[in-house]
Amino acid sequence: MGTTAQWSDGSKEQWMDTRNPGRDASLRSLAIGMVLVLATWFSAAAALPGLGAELGLTATDERWAVVAVQIGFAVTAAGTALTGVADRVGPRQLALIGGLVAAAANVAPVARPSLWVLLMSRMVVGGALALVYPPLLKAAGAWARGDHGRVLGTMIAALTLGSASPHLVNGLGPVSWRALLCITSGTATVGAAMVWFRAGDGPATPPRSRVTVDDIAAVVRSRPLRLTCLGYVGHVWELYAGWAAIAPLMFAMWGDDRTASLGAFAVVAFGAAAAVGGGRLGDRAGRRRTAIAAMAVSGSLVALLGFATPWPVVASTIALAWGAAVIADGGQFPALVRDHAHPTLVGSVLSLQLSLGFAATSAATWLVPVVADAAGWRWALICLAPGPALGALALHRLDAVAHPGHGAPRLAGSY
């Protein structure tokens, strides 16, 4: 049972009763699949202490290993957006392919341990995850009915837990770097299969469409979408660079590998509940205001964290609060894309937004450890604060959402 809405441009969207059991099962499978596949994202970062010692990696080598994932993601996400693949191929099909490729690439250094294999495998993992993360957001959004913030916030929570899980495995250890990569590749394979076999396509899944150059140009001309993308760039500048830095920061404060890994897991995983709560709040109080508030809090906390590092207990408490604030707005950005983008372009716009964000965070991820080595963690963490400040400024200029929560039509003057 459901209802159908027809927008002014003739496009239609069906809304399904949120009590539909197929909806709950599909969203659950999509979220669990996200957790399992995204474990490959930070698997090498968690494995670097053992991997780096065995391969004799320098600090620069290790930075490249972390940044390579983001570069691969940004390039592939841009490619799927500009070619229209994100809207021409089904999201669950893309996620299945991406998850299996990520699993295979993630375990490649086990078969042939070397710096170049590590770097190439991390870049391929990032590229494969660009076929998983945006499509799964699109797939989940197709099941939402007026609760896009909650649904997409839950998917961001799944991303958060998946990203944190390698630190948990490392912290519960001792686990060799080979075992860690094999475990996370195994979870990715299971997650990809779950998305394909256990989830279904939502009633609001738009028909597969051929995206043209004019469509992409129209997206670029759309002021709401430009500001939303700029807001996301500010958000993710802080997010992934901070997540990548949290384990080294914990080690610098506590001087113990297991404590650092468990501390990093706690900080990242603590954000999962905040992502769901932030999504619910965005549905009720407004996505723009919720995201602005979250970025104001996270930017203040990350700057404060740098000054608190001489006191590990205080700094760890601040880090937990930052871990919640930094991802509390994560569900707002894909929901804003869905609010402002035409339904047949949602996949491409999401991929383009994520590509821009991960290109920016690649620079931030490289910058933070360089500054930490040269000037200390205080100034390194302060480097992250301008991102959320600029992101909040962009969203402050964003007009009120059109058709909040329902997937907007082509906007007058924009398409």
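The values are calculated or read from the model by the stated rules, or taken from the named source; none is laboratory data. Quantities reported herein were computed from a predicted structural model and do not represent experimental measurements. For neighbour counting, all protein chains shown are included, and Cβ atoms are generated from backbone atoms with ideal geometry for every residue, glycine included.
Six or more apart or on different chains, Cβ under 6 Å: which pairs go from a residue in region 196-224 that's touching a residue at least 12 places away in the same chain (Cβ under 8 Å) to one that's outside any helix (DSSP H, G or I) and among the charged types (D, E, K, R)? Could you list them?
ALA204/GLU13
Rundown of residues vs (1) among the aliphatic types (A, V, I, L, M); (2) out of contact with any Phe, Trp or Tyr (no Cβ under 7 Å at 6 or more places or on another chain); (3) part of a helix (DSSP H, G or I); (4) farther than 22 Å from ILE156 by Cβ, yes/no style:
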{"residue": "PRO206", "(1), (2), (3), (4)": "no, yes, no, no"}
{"residue": "ARG210", "(1), (2), (3), (4)": "no, yes, no, yes"}
{"residue": "ASP215", "(1), (2), (3), (4)": "no, yes, yes, yes"}
{"residue": "ALA218", "(1), (2), (3), (4)": "yes, no, yes, yes"}
{"residue": "LEU227", "(1), (2), (3), (4)": "yes, yes, yes, no"}
{"residue": "LEU230", "(1), (2), (3), (4)": "yes, yes, yes, no"}
{"residue": "VAL233", "(1), (2), (3), (4)": "yes, yes, yes, no"}
{"residue": "ALA274", "(1), (2), (3), (4)": "yes, yes, yes, no"}
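Filter region 57-82 down to the residues that are touching a residue at least 40 places away in the same chain (Cβ under 8 Å) and over 19 Å from the mean Cα position of the chain (by Cα), then identify the one that is nearest to SER351 (Cα to Cα).
LEU82
Checking ARG145 against (1) among the basic types (Lys, Arg); (2) surrounded by fewer than 23 Cβ atoms within 10 Å (Cβ to Cβ); (3) in a helix (DSSP H, G or I), only one condition comes out false. Which one?
(3)
Return the only residue of VAL219, VAL267, VAL233 being modelled with pLDDT of 90 or more, over 14 Å from the mean Cα position of the chain (by Cα) and β-branched (Val, Ile, Thr).
The unique qualifying residue is VAL267.
Could you pull out the residue among LEU393, LEU384, LEU367, LEU345 that is more than 30 Å from TRP64 (Cβ to Cβ) and either modelled with pLDDT of 90 or more or among the basic types (Lys, Arg) (or both)?
The unique qualifying residue is LEU393.
Every residue in region 159-194 that is outside any helix (DSSP H, G or I) and either aliphatic (A, V, I, L, M) or in contact with a helix residue (DSSP H, G or I) (Cβ under 7 Å, 6 or more places away or on another chain) (or both), please.
Of region 159-194, the ones outside any helix (DSSP H, G or I) are 173-176.
If the condition is that a residue be outside any helix (DSSP H, G or I) and either aliphatic (A, V, I, L, M) or in contact with a helix residue (DSSP H, G or I) (Cβ under 7 Å, 6 or more places away or on another chain) (or both), then GLY173, VAL175, SER176 are the ones that fit.
From the residues in region 95-137 that are outside any helix (DSSP H, G or I) and under 19 Å from the mean Cα position of the chain (by Cα), which one is surrounded by the most Cβ atoms within 10 Å (Cβ to Cβ)?
In this case the residue turns out to be VAL132.
Across region 369-389, what is the total count of residues that are within 19 Å of the chain's Cα centre (by Cα) and either surrounded by 24 or more Cβ atoms within 10 Å (Cβ to Cβ) or within 10 Å of VAL233 (Cα to Cα) (or both)?
Residues meeting the conditions: 3.
Condition test on ILE318, is it surrounded by fewer than 23 Cβ atoms within 10 Å (Cβ to Cβ), hydrophobic (A, V, I, L, M, F, W, C) and modelled with pLDDT of 85 or more?
yes
How many of the residues making up region 229-283 are among the charged types (D, E, K, R) and farther than 19 Å from VAL66 by Cα?
Of the residues in that region, 4 qualify.
Looking at LEU30, LEU36, LEU51, LEU82, which is the one that is at pLDDT below 90 and either surrounded by 21 or more Cβ atoms within 10 Å (Cβ to Cβ) or farther than 25 Å from ARG208 by Cβ (or both)? Steps first, answer last, please.
Details: LEU30 fails: at pLDDT below 90; LEU36 fails: at pLDDT below 90; LEU82 fails: either surrounded by 21 or more Cβ atoms within 10 Å (Cβ to Cβ) or farther than 25 Å from ARG208 by Cβ (or both).
Going through LEU30, LEU36, LEU51, LEU82 in turn, the sole match is LEU51.
Name the residues in region 218-260 that are more than 21 Å from TRP322 (Cβ to Cβ) and of a type in the set (A, V, I, L, M, F, W, C), would you?
ALA218, VAL219, VAL220, LEU225, LEU227, CYS229, LEU230
If I ask for residues that are among the β-branched types (Val, Ile, Thr) and outside any helix (DSSP H, G or I), which ones from region 276-301 would you list?
none
Checking LEU249 against (1) under 27 Å from ARG289 (Cα atoms); (2) surrounded by 21 or more Cβ atoms within 10 Å (Cβ to Cβ), which single condition isn't satisfied?
Checking LEU249 against (1) under 27 Å from ARG289 (Cα atoms); (2) surrounded by 21 or more Cβ atoms within 10 Å (Cβ to Cβ), the one that fails is (1).
Looking only at residues that are in a loop (DSSP other than H, G, I, E, B) and of a type outside the set (D, E, K, R) in region 195-204, which one is farthest from the chain's Cα centre (by Cα)?
The extreme case among them is PRO203.
Among the listed residues VAL110, VAL35, VAL117, identify the single one that is free of Cβ contacts under 8 Å to residues at least 24 places away in the same chain, in contact with a helix residue (DSSP H, G or I) (Cβ under 6 Å, 6 or more places away or on another chain) and hydrophobic (A, V, I, L, M, F, W, C).
The conditions single out VAL117.
State yes or no: is ALA359 crowded, with 23+ Cβ neighbours inside 10 Å, touching a residue at least 40 places away in the same chain (Cβ under 8 Å) and under 14 Å from the mean Cα position of the chain (by Cα)?
Against the criterion (crowded, with 23+ Cβ neighbours inside 10 Å, touching a residue at least 40 places away in the same chain (Cβ under 8 Å) and under 14 Å from the mean Cα position of the chain (by Cα)), ALA359 does not qualify.
Could you check VAL267 against (1) surrounded by fewer than 24 Cβ atoms within 10 Å (Cβ to Cβ); (2) over 17 Å from LEU152 (Cα atoms) and say which number it fails?
Going through the list (1) surrounded by fewer than 24 Cβ atoms within 10 Å (Cβ to Cβ); (2) over 17 Å from LEU152 (Cα atoms), VAL267 breaks only (1).
Looking at GLY52 and the list (1) in contact with a Cys (Cβ under 8 Å, 6 or more places away or on another chain); (2) without any contact (Cβ under 8 Å) to a residue 40 or more places away in the chain, which single condition is not satisfied?
The single condition GLY52 does not satisfy is (1).
Go through region 155-186 residue by residue and tally those that are surrounded by 23 or more Cβ atoms within 10 Å (Cβ to Cβ) and of a type in the set (Val, Ile, Thr).
Here the count works out to 3.
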